[in-house]
Amino acid sequence: MASAEPVERGARTIRVEVAYSPAPRQVDLQVFELPAGTTAGQAVLAAGLPERHPGFDLGTVTVAVWGRAVTPSTVLHDGDQLALCRPLIVDPKEARRVRYRAQGERGRQRISGSRSR
């Protein structure tokens, strides 16, 4: 387990997971012990994401704790899982429409042909 910064002996610490996906099918997951009172933004900096991932910008990602969006100033608690979500490139609904149109008549025949009476 990595430690982002030296923590005073006897000081209260929290364990936090930081997950970031710089590209599809790539995940940078780290577990840290940080001082109690650490914010989400401080945890991102402690994880060294800006140094390891060129182009990383905290202003363009959504910061989430256990899947709920939070601000970088949110104080983390022991056991929190911090996820940094990249912005969507394509609207999921539009991508689904494009796939449906690409199937064309072939996809519609399969669906209507599978019904039995």
Whether region 13-88 is rounded, prolate or oblate, judged on the alpha carbon gyration tensor where a/c under 1.5 counts as rounded:
prolate
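Quick check on the exposure proxy: order Ser73, Ser21 from fewest to most C-beta atoms within 10 angstrom. Working shown, then result.
Values: Ser73 10, Ser21 15.
In order of increasing Cβ crowding within 10 Å: Ser73, Ser21.
Just so you know, all these numbers are worked out from the coordinates, no wet-lab data involved. Worth saying up front: this structure is predicted, and the values here are computed from it rather than measured. In this analysis, Cβ positions are derived from the backbone assuming ideal geometry, glycine residues included, and neighbour counts consider all displayed protein chains.
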